[in-house]
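*Asks:* Quick one: the structure is below, questions incoming.
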Amino acid sequence: MKIAILPGDGIGPEITAQAVKVLNALGESFELESADVGGAGYAAHGHPLPQGTLALAKAADAVLFGAVGDYKYDSLERALRPEQAILGLRKELGLFANLRPAILYPELAGASTLKPEVVSGLDILIIRELTGDIYFGKPRGVRECPDGPFAGQREGFDTMRYAEGEIRRIAHVAFQAARKRDRRVTSVDKANVLETFQFWRDIVTDVHKEYQDVELEHMYVDNAAMQLVRAPKKFDVIVTGNMFGDILSDAAAMLTGSIGMLPSASLDANNKGLYEPSHGSAPDIAGKGIANPLATILSAAMMLRFSLGKAEQADRIENAVKKVLAQGLRTPDIYEDGTTKVGTEQMGDAVVNALG
Ligand SMILES: NC(=O)c1ccc[n+]([C@@H]2O[C@H](COP(=O)([O-])OP(=O)(O)OC[C@H]3O[C@@H](n4cnc5c(N)ncnc54)[C@H](O)[C@@H]3O)[C@@H](O)[C@H]2O)c1
Ligand SMILES: CC(C)[C@H](C(=O)O)[C@@H](O)C(=O)O
Ligand SMILES: [Mg+2]
């Protein structure tokens, strides 16, 4: 089985190295091949998603991705910015279903900024549509404002859009996922204002007819943001569009103690996937050896489960993560009094040692 390793920028290489260490310790014969992506791709090959990197990702059975982005590339034309690499991979590989499970490990109840009673036992699954919405809609750009009080000035614009089939397929993913959980789906939209999301609501309601054993609730995104911090445990599966899902999943990350704890799977229709932590390249802490590698290590576990058919190995990794947390080991982002502060590498080593 071939796994493409795309470390990227900032903390990407540091955290990916820990996940690779864990994968290599499983005793499987995976073929791991690395390639440049993001700012690293631009620096070495003049493009954030070099041809060779895309070809490797397409040929591999699964992709493990670190993170991309660096402020020093923010003034490049958009097509050459590091973030285009992850957007391009999602589009090119057809990875429309982004699963972001927000689980609070009991040991981290005190690490969350929310009261322990609000978050303890938290286990929600955010399903974010990943290849549509305002992220990819056209036209977009900067043009002359045609009318109104600002006519003649420049205006920036993007296009929010969803095709029926795009909504249907992500709704099916959500209802099917809910069947393996508590059978409840909250579809998050902005149907009160946006045509795109009234359409979203209508289509999700229609798909739901095939899943009468699953409870469906619709919620506006502003309320959902509030409910996520008020009573997050009330959610089971949340399904939403690309942009709302991006924002809500970062908010949900803090329920788990840190954004460094939130893994993700981005899947195509056949469960081929790209696996990455939900966070970014964290330039503010890059190179310091203090980034939390657990979201990436847990993403590797999701890869074993969803794309490589190795559920027992995924369990081994997840159990090892539970063990190191029980041992009291914490990177600074989840550190509390009475626990032991460790760096990125030590955390990776501890997970390797805890593999049963
Ligand atoms: N999928 C991706 O590759 C991805 C995702 C999000 C952001 N980005 C990019 O990353 C760059 C930085 O963006 P940002 O600062 O808005 O978001 P970020 O997620 O990189 O960082 C936000 C905050 O969380 C902290 N943080 C993130 N991951 C951490 C970890 N594993 N351990 C400890 N702390 C962690 C950072 O130090 C920072 O304070 C930008 O260029 C952005 O476009 C990339
Ligand atoms: C870097 C950026 C393009 C990306 C997104 O917005 O999807 C990131 O925030 C994420 O959550 O993976
Ligand atoms: Mg994001």
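The values are calculated or read from the model by the stated rules, or taken from the named source; none is laboratory data. Keep in mind that this is a model prediction, so the values were computed, not measured. Here the Cβ positions follow ideal geometry from the backbone for every residue, glycine too, while neighbour counts run over all protein chains shown. When the accessible area is computed, the model is the full protein with side chains, heavy atoms only, and any ligands, DNA or RNA have been set aside. Shrake-Rupley method; radii C 1.70, N 1.55, O 1.52, S 1.80 Å.
*Asks:* If you average the C-alpha positions of region 125-158 and of region 244-273 separately, how far apart do those two centres end up, in angstrom?
*Replies:* The distance from the Cα centre of region 125-158 to that of region 244-273 comes to 25 Å.
*Asks:* So, counting K/R as plus one and D/E as minus one, what does the shell of residues with Cβ under 15 Å around residue 57 add up to? Could the numbers behind the result be given before it?
*Replies:* On the way: positive: 2, 58, 90, 91, 272; negative: 31, 33, 36, 61, 92, 268, 276.
Computed value for this residue: -2.
*Asks:* Right, something else. Size of region 250-327 along its principal axes in angstrom, Cα-based, largest extent first?
*Replies:* 36, 30, 25
*Asks:* If you project the alpha carbons of region 123-255 onto their three principal axes, what span does each projection cover, largest first, in Å?
*Replies:* That gives 54, 32, 23 Å along the principal axes, largest extent first.
*Asks:* Name the residue, out of 18, 84, 212, whose mean-square fluctuation peaks in a Gaussian network model built on the chain with Cα pairs under 10 Å.
*Replies:* Of the options given, 212 has the highest mean-square fluctuation.
*Asks:* Compute, for residue 254, the solvent-accessible surface of its heavy atoms (probe 1.4 Å) with the complete set of protein chains present, and express it in square angstrom to the nearest 10.
*Replies:* Counting only protein heavy atoms, residue 254 exposes about 70 Å² to solvent.
*Asks:* Show me the ranking of peptides 154-162, 90-98 by mean Cβ neighbours inside 10 Å, starting with the highest. Mind dumping the intermediate values first?
*Replies:* On the way: 154-162: 13.7, 90-98: 19.6.
Peptide ranking by packing, descending: 90-98, 154-162.
*Asks:* Once amide H atoms are built 1.01 Å from N in the peptide plane, which residues 5 or more positions from residue 34, or in another chain, come under 5 Å H to H?
*Replies:* Excluding prolines and chain starts, which carry no amide H, the hits are 5.
*Asks:* Checking the table 91/190; 115/233; 288/323; 233/323; 2/58 against a 18 Å threshold on Cα-Cα, which pairs fail? Don't skip to the end; give the middle numbers.
*Replies:* Values: 91/190 24 Å; 115/233 13 Å; 288/323 25 Å; 233/323 24 Å; 2/58 11 Å.
Distance filter (> 18 Å) returns 91/190; 288/323; 233/323.
*Asks:* To continue, here is another question. Using a probe radius of 1.4 Å on heavy atoms only, what accessible surface per residue do you get for the chain? Whole Å² is fine.
*Replies:* Values: 15050 Å² over 356 residues.
With the other protein chains kept in place, the chain gives 42 Å² per residue.
*Asks:* Which percentage, to the nearest 5, of the DSSP beta bridges contained in region 183-312 is antiparallel?
*Replies:* Working: 3 of 13 bridges.
Roughly 25 percent of the DSSP beta bridges within region 183-312 come out antiparallel.
*Asks:* Based on Cα coordinates alone, diagonalise the gyration tensor for the chain, multiply each eigenvalue by 5, take square roots, and list the semi-axes in whole Å, largest first. Present the calculation step by step, with values, prior to reporting the outcome.
*Replies:* On the way: eigenvalues 193, 134, 84 Å².
Calculated on Cα positions only, the semi-axes equal 31, 26, 20 Å.
*Asks:* Using alpha carbon centroids, what distance separates region 292-344 and region 40-107, in Å?
*Replies:* After rounding, the separation between the Cα centres reads 22 Å.
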